[in-house]
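Notes to accompany the following structure.
The values are calculated or read from the model by the stated rules, or taken from the named source; none is laboratory data. Please read these numbers as outputs of a predicted model, since none were measured by experiment. Every residue, glycine among them, receives a Cβ derived from its backbone with ideal geometry; neighbour counts consider all protein chains shown. Keep in mind that these areas ignore ligands, DNA and RNA; they rest on the heavy atoms of the full protein, side chains included. Shrake-Rupley method; radii C 1.70, N 1.55, O 1.52, S 1.80 Å.
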Amino acid sequence: MSGVSGKYFSDSMTFEEMENILRLLPANIYLKDAEGRYIFCTQYWRHLRDRDKPGWSIRGKTDVEIREDKENAMLAMEKDREIIRSGRGCRYVIEIFQNGVQEFLEIVKEPVKDSSGNVVGIVGLINDVTESEKIKRKLSRLAMTDSLTGLGNRNSLMRDLERLTEDSMPVSIVSADCDGLQMVNDTYGRATGDEYIRMTAMVMELALPEDTMVYRVGGDEFIIVLVNTDENEAKEIMRIFKEQYDQYRVKNQPLSISYGISTAVSVRDDLRRVLEKADLDMCQRKQRRRSVL
């Protein structure tokens, strides 16, 4: 029996025989020529056009010809051309949203070389990594999200500040702080204090302009980022916001907030320094308010 098995695998095999063997594996394994045309493919995934037509074959076709998702098809061919040019493989994950279903596929590609080292094709592997990718992305979102309010947290704030471009300028940063939260906690308990914070976040999302970015960065500390907004415009926005905010109450305790504003006029401005100035302005305003009271 072993002799028969050894003879079978020692002789030359056709692509069809190789496909039938590799099809036993759950992953999709394929081979392309130097023009990005499929030579064989072990699994026909459901994102292909016309695959159910009688006599349809993937052989000789490119990704653009067979895939429903044109964007990912163009990406696949771009990666193929780079592999043929450079002789280096690659690994990446694509997202597909089709017929209401979100999927993530991991693509692994390596060049196939002849005895002289010339790239003559590409061997590839497609793995369904939907579940693991969804978990990874959920954890990433949680790392950027404040669990109490659902707003972005400090990590999210610093990431978004780094992404700002000259087209966003001027950018006004507002540092805001809930007044009297400690008294609310001491009088009514921490659950009521949490409701104070959640209501503050809710009013910010409702009353501030639609493109405003809002973050909870501490216990009762919030940062508001207003793009394409100079200092005078930011002051007017916050005046209107505070008029609405002051109408809300928690346990018959009126909500109150102190805030400071600082503005960057160019990406050359140090946004961390602008953030510090806004926080300092807020603290000074809060101190002056306490001294009056």
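Given the criteria in contact with a strand residue (DSSP E or B) (Cβ under 8 Å, 6 or more places away or on another chain), surrounded by fewer than 16 Cβ atoms within 10 Å (Cβ to Cβ) and either outside any strand (DSSP E or B) or at positive phi (or both), does Glu78 qualify?
Criteria not met by Glu78.
In region 238-293, which residues are assigned to a strand (DSSP E or B), more than 17 Å from Met183 (Cα to Cα) and aliphatic (A, V, I, L, M)?
First, pick out the residues of region 238-293 that are assigned to a strand (DSSP E or B): 249-250, 253-254, 257-264.
After this cut, where a residue has to be more than 17 Å from Met183 (Cα to Cα) as well, the list is 259-264.
Within region 238-293, Ile261, Ala264 qualify.
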For Ile224, the lone unmet condition from (1) in a helix (DSSP H, G or I); (2) aliphatic (A, V, I, L, M); (3) open to solvent by less than 20 Å² (accessible area, probe 1.4 Å) is (1)
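The rows are residues; the columns are (1) among the acidic types (Asp, Glu); (2) without any contact (Cβ under 8 Å) to a residue 12 or more places away in the chain; (3) open to solvent by less than 30 Å² (accessible area, probe 1.4 Å).
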{"residue": "His47", "(1), (2), (3)": "no, no, yes"}
{"residue": "Met74", "(1), (2), (3)": "no, yes, no"}
{"residue": "Glu82", "(1), (2), (3)": "yes, yes, no"}
{"residue": "Cys90", "(1), (2), (3)": "no, no, no"}
Give the residues of region 255-293 that are closer than 18 Å to Leu206 by Cα and either touching a Phe, Trp or Tyr at 6+ places or on another chain (Cβ under 7 Å) or open to solvent by 50 Å² or more (accessible area, probe 1.4 Å) (or both), sorted by residue number.
-> Leu255, Ile257
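Pick from Val112, Val120: which is touching a residue at least 60 places away in the same chain (Cβ under 8 Å), assigned to a strand (DSSP E or B) and open to solvent by 60 Å² or more (accessible area, probe 1.4 Å)? First the steps, then the outcome.
Numbers: Val112 fails: open to solvent by 60 Å² or more (accessible area, probe 1.4 Å).
Being touching a residue at least 60 places away in the same chain (Cβ under 8 Å), assigned to a strand (DSSP E or B) and open to solvent by 60 Å² or more (accessible area, probe 1.4 Å) holds for just one of Val112, Val120, which is Val120.
Would you mind finding the one in Ile58, Ile83 that is in contact with a Cys (Cβ under 8 Å, 6 or more places away or on another chain) and assigned to a loop (DSSP other than H, G, I, E, B)? I'd like the intermediate steps shown before the answer.
Details: Ile83 fails: assigned to a loop (DSSP other than H, G, I, E, B).
Result: Ile58 is the single residue among Ile58, Ile83 that is in contact with a Cys (Cβ under 8 Å, 6 or more places away or on another chain) and assigned to a loop (DSSP other than H, G, I, E, B).
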